[in-house]
1. The conditions are (1) without any contact (Cβ under 8 Å) to a residue 12 or more places away in the chain; (2) open to solvent by less than 20 Å² (accessible area, probe 1.4 Å); (3) among the hydroxyl-bearing types (Ser, Thr, Tyr), and residue A:232 fails exactly one of them. Which is it?
2. State all residues of the stretch A:110-121 that are surrounded by fewer than 18 Cβ atoms within 10 Å (Cβ to Cβ) and either farther than 15 Å from residue A:217 by Cβ or without any contact (Cβ under 8 Å) to a residue 60 or more places away in the chain (or both); if no residue qualifies, say none.
3. With among the small types (Gly, Ala, Ser), assigned to a helix (DSSP H, G or I) and within 20 Å of the chain's Cα centre (by Cα) as the only criterion, which of A:246, A:257 stands out?
4. Among the helices (runs of 4 or more DSSP H) lying completely within the stretch A:261-352, list those that include at least 1 residues that are within 27 Å of residue A:393 (Cβ to Cβ) and open to solvent by 60 Å² or more (accessible area, probe 1.4 Å).
5. Condition test on residue A:351, is it modelled with pLDDT of 95 or more and in contact with a Gly (Cβ under 7 Å, 6 or more places away or on another chain)?
6. For residues in the stretch B:353-374 being part of a helix (DSSP H, G or I) and within 26 Å of the chain's Cα centre (by Cα), which is nearest to the other protein chains (Cβ to nearest Cβ)?
7. Evaluate the following for residue B:329: is it away from chain A (no Cβ under 14 Å), touching a residue at least 24 places away in the same chain (Cβ under 8 Å), among the hydrophobic types (A, V, I, L, M, F, W, C) and under 20 Å from residue B:40 (Cβ atoms)?
8. Which one of B:312, B:276 is in contact (Cβ under 8 Å) with a residue 60 or more places away in the chain and out of contact with any helix residue (DSSP H, G or I) (no Cβ under 8 Å at 6 or more places or on another chain)?
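The values are calculated or read from the model by the stated rules, or taken from the named source; none is laboratory data. It should be emphasised that the depicted structure is a prediction, and the values quoted were computed from it without experimental measurement. Cβ atoms come from the backbone with ideal geometry, glycine included; neighbour counts cover every protein chain shown. The protein model used for the area step is the full one, side chains on, heavy atoms only, and it has no ligands, DNA or RNA in it. Shrake-Rupley method; radii C 1.70, N 1.55, O 1.52, S 1.80 Å.
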Protein chains: 2
Amino acid sequence: MEWEELARELSQQTDTKIVLLVMDGVGGLPADGKSELEAARKPNLDGLAKAGICGVSDPVMMGITPGSGPAHLALFGYDPLKFHLGRGILEALGSGVEVGRNDLVARGNFATVMGGLVVDRRAGRIPTEENARICAYLNEHLPQRQGVEVRVFPGKEHRFVARFTAEGLADALSDADPQKEGRAPVPTTPLAPEAAKASGLVNLFMDDVAAVLKDEPKANAALLRGFSKFPSIPTMQALFKLRPAAIANYPMYKGLAKLLGMDVLAVGGETADLFEALEKNWDEHDFFYIHYKRTDSTGEDGNMSAKVAAIEALDPFLPRITALKPNVLVVTSDHSTPSALKGHSWHPNPFLLVAGTAGVDDVAAFTERACAKGYLGRFRSISAMPLMLAHALKLQKYGA
Amino acid sequence: MEWEELARELSQQTDTKIVLLVMDGVGGLPADGKSELEAARKPNLDGLAKAGICGVSDPVMMGITPGSGPAHLALFGYDPLKFHLGRGILEALGSGVEVGRNDLVARGNFATVMGGLVVDRRAGRIPTEENARICAYLNEHLPQRQGVEVRVFPGKEHRFVARFTAEGLADALSDADPQKEGRAPVPTTPLAPEAAKASGLVNLFMDDVAAVLKDEPKANAALLRGFSKFPSIPTMQALFKLRPAAIANYPMYKGLAKLLGMDVLAVGGETADLFEALEKNWDEHDFFYIHYKRTDSTGEDGNMSAKVAAIEALDPFLPRITALKPNVLVVTSDHSTPSALKGHSWHPNPFLLVAGTAGVDDVAAFTERACAKGYLGRFRSISAMPLMLAHALKLQKYGA
């Protein structure tokens, strides 16, 4: 029996409440002797580490650097080696694009092509309104093909989502993106025989876009990556009998949350808005996922002091969570994003859990090294959900 | 290759001896800052923690609260997610009831039914001698059915075991027990098509019992639960080449031990009797499982001071184990039973191992928090058996 089956069998609905605060990419690495978490002044986070039990968690397994999809799936109790989510589907769902069974979606960039080479992969980061105009124009002027519907949906700046609707499309496709400037656009190629139809369709679309947009000064080509279809994945209601809510600002995390059956709450763009949404919707749900992005984006930028500032900026809001008296509060990251590495990494996440049934350990600071000495030890992130459910008394006994 | 296969391939018989002392449910939770183990005075257990290496173990996986069956299976090296044992089979084997391939067994209660409702699920806890008389009467007077043999075996007070012998019985049956008083008796229902025959047979039996016992003042009905057949499970001899012995007082643990091929040693009801049995049978076996129940039953009662006393009561006997100079001594619990939760829990077990090949770590007390800082770290209980076998030099090298 696997965890998924066990969860279906043992989980029960209760009135207890779980809050999972994901400080995206907060795990880091020392520079001048101190990691971002060690350098930050964050009395509330440290206070929670003191009040509960700590550990460190590997998103997928030791040594594996995850994308945001697998890292979040693991935290939500889904085996990231079993469930694969294309980046396209997450972007699409997060942008509010509806995706059905016959749809193939991809993340797109408008790009500038000159003399047969991609000279700007982001088309000079055209304004979002320009993007909207171009997408509307494309949806009107792209040539119609028998049995196929193609639509593009504008995102921020140069980003868009492409959706192909037809029978028999598969998503085993290579990215249609040269990745670097100064190279020619590349067509997609099928990575499995059943993706041949989709491959032809996508490459036709790329040619059509170039033809329709040939007079645009900047956005005169499309690059596509992360082709994906709607995956078959059970909801958190089905697996865990939760009434889950997501409080997140970015399309990708909202998309993932929606896919797993979470209610994606309306939330403004400021950090304070996350906590206002939590307070407003407290009575309606029993599991709250709060996503804080700035610790990751500053880490990706390699900006150590900005990442420290992002941690310090979040810290004063923590009392707004504890004031609600959740039965279980977990603070962790989905994956580490050390400023020193300017990207996601394989380093385990610091993890703290506060609950009436948890006791306390000796850990007095929410940092990578302090948490590694905690009572929870080192574990895979997929254990976070059973742990949270257990402390919320939402799991019945296994066997007699 | 899985552990089970590996064990068959690598295990070898040696003269070395292993003692596994299970302090049932000893793992607990702090109340007023101290857990049961932290509050207890137990110089011998602490001395063993000092003399060996420690860790904490999850019976099934993090967050999962196990029943006694899965928790013990894991300690004995059997994957508790692969092998499922019905409570009925454990009770039957522990009571000395023989169970064959065509047998279906269940745990029974005699109950009092009045006006169509169960008014006492335990028939006023009738004396054990009454129970024996009633079982004998039933075995004589229950109507005979073609191709079916039914027998009941008395247990303590109101408890009995029912055994149904016939071709084609399956154990996918719901409990025939309303669980609460003031409700009507419930028939069993088949949970899979192949259990239809068994379901009919069991319900007929319930009616027959009520008819035969209609003049009994208290025990005038039967409730049945935990229907189970003899599971297919390899013995510890086959897997580990051990000559194992069980020293336990309670039917359930004796039943499990017998199922796994252990010799269940005769043992009196006092704590001292456990150690006398160990000493008497020392030469005949190379693996001794000793089961101490009081730490669990006091925890289930939510009686913190009684659980502390149960720990303190066992401690003076530890030198009788070490005097025998076992090559490997492990002390742990099967699962935690915090007094604060009045039941089994998901908290990991404190675990100590003393062996000539183990070295020592810094842990100086046998407590949950001290063990969590030990050399063994945090691991799943199923690793206890390979660890014990290894330190007893009973496992050969894997691969060249």
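1. Every condition holds for residue A:232 apart from (2).
2. Scanning the stretch A:110-121 gives A:114, A:115, A:116, A:117.
3. Result of the check over A:246, A:257: A:257.
4. A:271-280, A:318-322
5. Working: modelled with pLDDT of 95 or more: yes; in contact with a Gly (Cβ under 7 Å, 6 or more places away or on another chain): yes.
For residue A:351, the condition - modelled with pLDDT of 95 or more and in contact with a Gly (Cβ under 7 Å, 6 or more places away or on another chain) - is met.
6. B:369
7. Values: away from chain A (no Cβ under 14 Å): yes; touching a residue at least 24 places away in the same chain (Cβ under 8 Å): yes; among the hydrophobic types (A, V, I, L, M, F, W, C): yes; under 20 Å from residue B:40 (Cβ atoms): yes.
When the stated conditions are applied, residue B:329 passes them.
8. On the way: B:276 fails: in contact (Cβ under 8 Å) with a residue 60 or more places away in the chain.
When all the criteria are applied, what remains is B:312.
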